[in-house]
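Notes for the one structure printed next.
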Amino acid sequence: MKSIVALILAASAATFAAPSMAQFAKPEDAVKYRQSAMTLMSAHLGRLGAMATGKVPFDAKQAADNAAVVEFVSKLPWAGFVEGSEKVGNTKALPEIWSQSAKFKETSDKLVSEAAKLNAAVKVGTLDSLKGAIGGVGGTCKSCHDNFRAN
Ligand code: ASC
């Protein structure tokens, strides 16, 4: 019985670990993976941005739901920046992602931590708490795009 439980745990751990060590059948799949994650991040951050700027009314539940997605999804794109996917398909990824990989990692780590801060902040449930934290995320998106994405 114990070994069955251990087996199930090991199998589910492997499933959950998959995104962070994603193996892609072909480089195009890696590009699609990271772009999909970025698309989700943009959609959910966009909804928070609309609330923060007053384009749509603030709704604490909506804010919390969107920030939870942003925090989770912020962890995903990075596994898709594999060697060999630099110039594949329709990508704006700059070569600096690979030639300055430590700096890229630092920026991506910063996004993950800013997204976690945003998610914690919106749990307060006020427009001010959202406003106070969304800039940290948006600013990190921007600095990474400025340095590592072709416009
Ligand atoms: C978004 C989005 C981006 C970033 C960037 C922040 O919502 O789609 O690319 O924020 O505009 O400066």
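The values are calculated or read from the model by the stated rules, or taken from the named source; none is laboratory data. In this text the structure is predicted, and so the values were computed from the model without any measurement. Positions of Cβ are generated from backbone atoms using ideal geometry, with glycine treated the same way; all protein chains shown enter the neighbour counts. In case anyone asks, the SASA skips ligands and DNA or RNA and just uses the protein heavy atoms, side chains included. Shrake-Rupley method; radii C 1.70, N 1.55, O 1.52, S 1.80 Å.
The table that follows gives values for the structure above.
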quantity: By average C-beta atoms within 10 angstrom, highest first, the peptides 45-57, 66-78; calculated: 66-78, 45-57
quantity: Farthest toward positive dipole pole in the range 23-148 [+1 Lys/Arg, -1 Asp/Glu at C-beta], among Phe81, Ser101, Val56; calculated: Val56
quantity: Phi-based couplings in Hz for the range 126-142 (Karplus 6.51, -1.76, 1.60; Gly and Pro marked x); calculated: 10, 4, 4, 5, 5, 4, x, 10, 6, x, x, 6, x, x, 6, 3, 5
quantity: Rounded accessible area per residue of the chain, 1.4 Å, Å²; calculated: 60
quantity: Net dipole in debye of the chain [+1 Lys, Arg Cβ; -1 Asp, Glu Cβ; about Cα centre; nearest 20]; calculated: 140
quantity: Neighbourhood net charge (11 Å Cβ-Cβ; Lys/Arg +1, Asp/Glu -1) for Ala30; calculated: -1
quantity: 17 Å Cα-Cα reach of Lys117 towards aspartates and glutamates, excluding residues that sit fewer than 8 places from it in its own chain; calculated: Asp65, Glu71, Glu106, Asp109, Asp128
quantity: Normalised contact order of the chain, rounded percent, pairs of Cα under 8 Å and 6 or more residues apart; calculated: 27
quantity: Summed residue charge, Cβ within 12 Å of Arg149's Cβ, Lys/Arg positive, Asp/Glu negative; calculated: +1
quantity: The chain - percent of accessible surface contributed by carbon and sulfur, probe 1.4 Å; calculated: 63
quantity: Semi-axis lengths, Å, the chain, gyration tensor of Cα atoms, sqrt of 5 times eigenvalues; calculated: 28, 24, 13
quantity: Long pairs among Lys105/Lys142; Lys92/Lys142; Lys32/Lys123; Lys103/Lys131, criterion Cα-Cα beyond 25 Å; calculated: Lys32/Lys123; Lys103/Lys131
quantity: For the range 42-58, Karplus couplings with θ = phi - 60° (6.51, -1.76, 1.60), whole Hz, Gly/Pro x; calculated: 4, 4, 6, 5, x, 5, 5, x, 4, 6, 5, 8, x, 6, 10, x, 5
quantity: Modelled FRET efficiency - R0 30 Å, Gln62 with Lys142, Cβ distances, 0.05 increments; calculated: 0.80
quantity: Neighbour-limited loop hits for GluC sites (Glu not before Pro), the range 81-110 (at most 15 other Cβ within 10 Å; DSSP other than H, G, I, E, B); calculated: Glu83
quantity: Relative contact order (%) - the range 81-151, alpha-carbon pairs under 8 angstrom, separation at least six; calculated: 41
